[in-house]
Amino acid sequence: MFCGIQRRRYRNMRLAIFNTLIVGLMVSVVATKQPNIVYIMADDFGFNDIGYHNPDIFTPNLDKLASSGVKLENYYVQPVCTPSRSQLMTGRYQIHTGLQHSVIFAPQKLCLPLDEVTLPQKLKEVGYKTHIVGKWHLGFYRKECLPTYRGFDSHYGYYCGNEDYNLKTVCGFFHGWKHSGKYCGFDFHDDEKPAWSANGTYSTFLYGQRAREVIINHNQSQPLFLYLPFQSVHFPLQAPDDYIKLYSHIQDPHRRVYSAMVTVMDDMVGLVAETLQEMGMMDETLIVFSTDNGGQTLYGGNNWPLRGRKESLWEGGIRGVGFVTGYGVQNPGRVSRGLFHVSDWFPTLLNIAGGNTNGTKPLDGVNVWNAIADPDSSSPRTEILHNIEPMFKRPYGLNPKLKPFPNKHGIDTVKGHTALRIGKWKLHTGDPGHDTWNPAPQLYLTQEVDLSCEMDSENLAECGLFPTIDDSSVRLYDIEADPEERSNMASYFPHIVDSMLERLAEYNATAVPVLWPPPDDNCDPSLRGGVWGPWVD
């Protein structure tokens, strides 16, 4: 009997070891499998502009995807378009690429530096097929700057920062340029050729349909990286009438059209998800959704209850809507309050793709995959440099008069603006930018919200539009307790201020000069058949 028990125990032990090996092998196979990656980016999408933050916005597809994954509720992007896109593509802060100031304007001889290694380039090294459908906005003055030279196998969309949704025309706006808006041209391309057939069709529909074609035509023996940066919901405010009618109850006309634009984009996200399902690819696809910066309140965006808007370093300009769903995400339906930043996608997506960061410049992004996939893991990120921007100024001379803050670290606290997050603390120096809170979203339903005076430099005094910020050039907030940035705690915690100024000085010592060339008249699209494109050989 004793021998029989021993034999059974031995047999069970062997079975347990066998099962362990099989499970381990299965885990290893899952861990090393390369998922498809679909990265969707919305443009100027406000914190309060998605259904799960605001039920007045109709985004059923985004809401469904977010509820099947993990919502990132402590997620940060940059305050304007180009810097967020550059950090996604390189994993490096803009102080390390020279793109600290503003965005790339069409007339500038400027692009993401050509010695920067991009995410699609690294993904191609490990076998990915790479496509971009939508907005580039990382420069195009020479062909080497184009997305098809920066790691993408194909590009369908436009190069500039904004354009007409139907006509695909862009005028070469540039702050302070005597020829501002002088040069206009067509900006829509299929790879490197002008796609004239796109003229007259609402761009969001085009991007949804092309993304569908990319998925359908993809050879599934290879992993897919589809980068889908929508034009939506950047101004100009344009949407099909049928969608505008969905929001006829909103009295404010800007908010009404903006909301319609959001819902068009949501429908196209739904089309992408439906196509992945149709092609049997959904279970093997990781979907990331992100905004590029906070909402622009002048054109219908809303960041309530956060302070500020696009172009500011207040939370309303940089705290973004973001979520991850699909492949590898455990315990779906979660909300994560771990700290995440747009630069983190570079090392994180490379990690799950089986790639590496060999050959890149030093990264500022952190691999946060475990914190996203596993509900029991915390984010390894503890700080974010939101930016050091020495050239920032408000339009129309609206900069507040600030008092210098004496410090031993050599920080000019009045110049430009800077923001740094460490743990729960956020430090501002200089002028953070437009500093009011959005009107409560319910206000748009009942009346027209007049912000037009902010775009009229001759009417500022009548509008009473002057900075409401006090004269403090250093401001400290406990973002966990005070996400609306209402209580400046700098005078209560001088030791925190001092340590964060010291950290800023360390970052500043690593910053490269700001790249900000003047406009070039040779950009004129009329010299190239009326089309925006490279003009320097």
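If you wrap a convex hull around the Cα atoms of the chain, how much volume per residue is inside, in Å³?
Working: hull volume 97.9 nm³, N = 537.
Dividing the Cα hull volume of the chain by its residue count gives 182 Å³.
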- request: When a/c is below 1.5 the answer is rounded, else prolate if a/b is larger than b/c, else oblate, so apply that to the range 268-383 with a ≥ b ≥ c taken from the square roots of the Cα gyration tensor eigenvalues.
  value: oblate
field: Zone residues, the range 401-432, relative to Thr510, backbone N less than 14 Å from point 7 Å out along Cα-to-Cβ
entry: 421
message: I need the phi-derived Karplus couplings for the range 480-485: 6.51 cos²θ - 1.76 cosθ + 1.60, θ = phi - 60°, integer Hz, Gly and Pro marked x.
response: 5, 8, 9, x, 8, 6
message: Tell me the carbon and sulfur percent of the accessible area for the chain, rounded to whole percent, probe radius 1.4 Å.
response: 53 percent
Simple spin-label estimate for Leu246 and Lys33 in nanometres, 7 Å along Cα-Cβ: 3.3 nm
- prompt: Tell me, what HN-Hα J-couplings in whole Hz come from the Karplus equation 6.51 cos²θ - 1.76 cosθ + 1.60 at θ = phi - 60° for each residue of the range 109-126, using x for Gly and Pro?
  reply: 7, 8, 7, 3, x, 6, 8, 8, 8, 9, 4, x, 4, 5, 5, 5, 4, 10
query: So who's got an amide H within less than 5 Å of the one on His341, skipping anything under 5 residues away but keeping other chains? H placed 1.01 Å off N, in plane.
result: Tyr76
message: Filter Lys33/Lys122; Lys310/Lys426; Lys403/Lys426; Lys71/Lys424; Lys33/Lys361 down to the pairs with a C-alpha to C-alpha distance above 21 Å, please.
response: Lys33/Lys361
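With every protein chain kept in place and ligands, DNA and RNA left out, what is the accessible area per residue of the chain? Probe 1.4 Å, answer in Å².
Numbers: 21940 Å² over 537 residues.
That works out to 41 Å² for each residue.
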field: Within the range 91-108, backbone nitrogen closer than 18 Å to the virtual label 7 Å beyond the Cα of Asp115 toward Cβ
entry: 91-100
task: Name the long-range amide H neighbours of Val531: under 5 Å, sequence gap of 5 or more, or other chain; modelled H, no Pro or chain starts.
output: Phe186
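For the chain, what is the mean residue ellipticity at 222 nm derived from helices alone (per DSSP H run of n ≥ 4: -39500 (n - 2.57); sum divided by total residues; nearest 500 deg cm²/dmol)?
On the way: 13 runs with 145 residues, N = 537.
Estimated from H runs of four or more residues: -8000 deg cm²/dmol.
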- line: Applied in sequence order to the range 134-141, the curve 6.51 cos²θ - 1.76 cosθ + 1.60 (Karplus, θ = phi - 60°) yields integer Hz couplings, x standing for Gly and Pro, of x, 8, 8, 6, 10, x, 7, 5
Length-normalised contact order for the chain - Cα pairs under 8 Å, 6+ apart - percent: 23 percent
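The values are calculated or read from the model by the stated rules, or taken from the named source; none is laboratory data. Predicted model only: the values in this text are computed from it and were never measured. When we count neighbours, we look across all protein chains shown, and the Cβ atoms used for this are built from the backbone with ideal geometry, even at glycine. All accessible areas refer to the heavy atoms of the entire protein, side chains included, with ligands and DNA or RNA removed. Shrake-Rupley method; radii C 1.70, N 1.55, O 1.52, S 1.80 Å.
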